[in-house]
Amino acid sequence: MKISYKIISVFFIFSCVFCYAQTVNINQFSTLIKSNHNISLINPVWNEGCLMTYDAGQVNANGGAFSLNFINQSGAPGYKGYPNGSIGAFKGGGNYSQGIKAACGLPIQIKDLNYDLRMKWKVSQLNATDPDDKWWASINVIFDSTAPNLEPIGDDRDYDLVIELNRYEQEDFVDVPSATNQVYWYYARNTDKTLKTLDFNYNGIIYSWVVRYKFVNYPVGHSNYADNNKVHVKFTPLFNSNVAPFLDHSLKKFIDTSVDYLQNVNLTNSERALAQEKVGNSNLYIKNINAGYEVYTGTFTIANDYFYTVLDSNPPASPANLVVTTLSNQVSLDWNDNLDSDFNSYKIFRATNGGAYSVIATNVNVSNYLDATTTTGNNYSYYVVADDRSYNVSNPSNSQNITLNTKKFEKEVNLVVYPNPTENTFTIETNFEIKKVELFSTDGKLVSFSIKDNTYDVSKINKGIYFLKIQLKDTEIVKKLIVK
């Protein structure tokens, strides 16, 4: 089991900025920080009854997390608010303070950023799906070229990165061209014009983000003319019905993707030159990371359940108890599940006839794999590694080798073990004659059980994960059995 990662101390700014007078209540606002860190609470609508506090007694249990409940009760048209928290630099009492790098990883130049800096964020909403409820939850990372102790100002904000976690409606992902628009954008696309996505696996489910590049072309004298020299990159969930339950991934992965996907965007020469200059500038500083909501209209409750960063350089546990068996002219691999909370995926390595190992599969999300690229008569060796969401790689599993019998199988093996999981007994059904059945614990020890009329009784053994070694005519199959 992997040792828990270090929770990084964080600094927070909380703000609610409103364009119109509203009846607004924040019914819960707690900030959990470590006792030796500063905090700044900013609330422009304090006189309207907003209450902001933090509970230092929760620090040890919760590290740098914060939670925020925000209720917009009026839903007047034109309303706009941004309740948010910030990791890294903050401003309070008119003074700007940079983050402490040893505590939260910021400030840092892009060229020095590693995959170990991971953002952890979870949001929730209540009664936020009515037609007039308009909001989205997003992280905003600001990059600029000034010294790390200086506050970013408009002219210095070269590149903004926004990561949406949830939104009130499905995005249509239509390009807005520059010909007739002062604000315009393009999406990264594959050669067949389909959207090119960034995909993450959380607990075996794939969640996808679409990447948008936004530019502006304001005339001289416009109040936002300086933004003409900036690129705005936004990651939006591909399907509003399949948003990730939380964010727990490396900031560097999003930044790298912003650079890599530029080649998949249909830009003019001047737009591409600006994007490459800004997005590809590894000398830019990251000074703080904001997470919160943009709220426009509606009556609902929104919450940041937690938001903090971790620096995780600890590799995950090595895959254990790798077993390989033949299945017709293919090889079946099985190993123990990785139980680390930040597990990402497995990678499979294979060597043929004593040669060098090479990767045959990546982004494997389950603890088994069928190698269908084998040839009878060859000897194959395998091992498996795991990685986590900071892309730390485990030590290799045990290696296993197997030689495929040159004898041709007259028909495919069909074999089912049921019920699995089981509490008392299980049955094996197959179209081949069963020669022998053995049961092994995960540490390789032979376990005794009883059998009667093809019913296998495991009611007297301990609960847990076991491996069934089933000997058939001309082949051997291993199945995982769970006794509960």
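The values are calculated or read from the model by the stated rules, or taken from the named source; none is laboratory data. Keep in mind that this is a model prediction, so the values were computed, not measured. Note: ideal-geometry Cβ built from the backbone for every residue, glycine included; neighbour counts use all protein chains shown.
Remarks
- Taken together, the residues in the stretch 265-297 that are in contact with a Lys or Arg (Cβ under 6 Å, 6 or more places away or on another chain) and part of a strand (DSSP E or B) amount to 2.
- Pairs where the first residue, in the stretch 161-178, is in a loop (DSSP other than H, G, I, E, B) and the second is charged (D, E, K, R), C-beta under 6 Å, 6+ apart: Y168/D133; Y168/K134
- Restricting attention to the stretch 436-484, the residues that are more than 39 Å from the chain's Cα centre (by Cα), modelled with pLDDT of 85 or more and under 25 Å from N329 (Cβ atoms) total 3.
- There is at least one residue in the stretch 94-102 that is assigned to a strand (DSSP E or B), of a type outside the set (D, E, K, R) and without any contact (Cβ under 8 Å) to a residue 40 or more places away in the chain.
- Verdict on S381 being under 23 Å from S250 (Cβ atoms) and either in a strand (DSSP E or B) or touching a strand residue (DSSP E or B) at 6+ places or on another chain (Cβ under 7 Å) (or both): no
- On inspection, L262 passes the criterion of being surrounded by 16 or more Cβ atoms within 10 Å (Cβ to Cβ), of a type outside the set (F, W, Y) and part of a helix (DSSP H, G or I).
- One residue alone among T403, T376 is surrounded by 12 or more Cβ atoms within 10 Å (Cβ to Cβ), modelled with pLDDT under 85 and either touching a strand residue (DSSP E or B) at 6+ places or on another chain (Cβ under 8 Å) or among the β-branched types (V, I, T) (or both), and that residue is T376.
- Any hit, the stretch 192-200, residues being crowded, with 17+ Cβ neighbours inside 10 Å, assigned by TED's automatic domain parsing to the domain that holds L274, farther than 19 Å from D256 by Cα and of a type in the set (S, T, Y): no
- If you go through the stretch 225-244 and keep only what is part of a loop (DSSP other than H, G, I, E, B) and out of contact with any strand residue (DSSP E or B) (no Cβ under 7 Å at 6 or more places or on another chain), you end up with F239, S241.
- Of the residues making up the stretch 343-373, just one is farther than 27 Å from S441 by Cβ and buried (at least 19 other Cβ atoms within 10 Å of the Cβ), namely N344.
- Residues of the stretch 431-448 classified as surrounded by 15 or more Cβ atoms within 10 Å (Cβ to Cβ) and polar (S, T, N, Q), total: 1
- Matching residues in the stretch 116-156 - criterion: being closer than 30 Å to Q170 by Cα and of a type in the set (S, T, Y): S124, T129, S138
- Residues of the stretch 257-290 that are more than 22 Å from W121 (Cβ to Cβ) and basic (K, R): R272, K278.
- Yes/no for V384 being surrounded by 12 or more Cβ atoms within 10 Å (Cβ to Cβ), under 30 Å from N462 (Cβ atoms) and without any contact (Cβ under 8 Å) to a residue 60 or more places away in the chain: no
- Considered as a group, the residues in the stretch 259-285 that are touching a helix residue (DSSP H, G or I) at 6+ places or on another chain (Cβ under 7 Å) and in contact (Cβ under 8 Å) with a residue 40 or more places away in the chain include one that is nearest to N229 (Cα to Cα), and that residue is A275.
- Residue check for D256: of a type in the set (D, E) and touching a residue at least 12 places away in the same chain (Cβ under 8 Å): no
- Any chance F200 is part of a strand (DSSP E or B), within 21 Å of G280 (Cα to Cα), in contact with a His (Cβ under 8 Å, 6 or more places away or on another chain) and of a type in the set (F, W, Y): no
- Y391 part of a strand (DSSP E or B) and either touching a Leu at 6+ places or on another chain (Cβ under 7 Å) or not polar (S, T, N, Q) (or both): no
- Test result for F235, surrounded by fewer than 12 Cβ atoms within 10 Å (Cβ to Cβ) and touching a residue at least 60 places away in the same chain (Cβ under 8 Å): no
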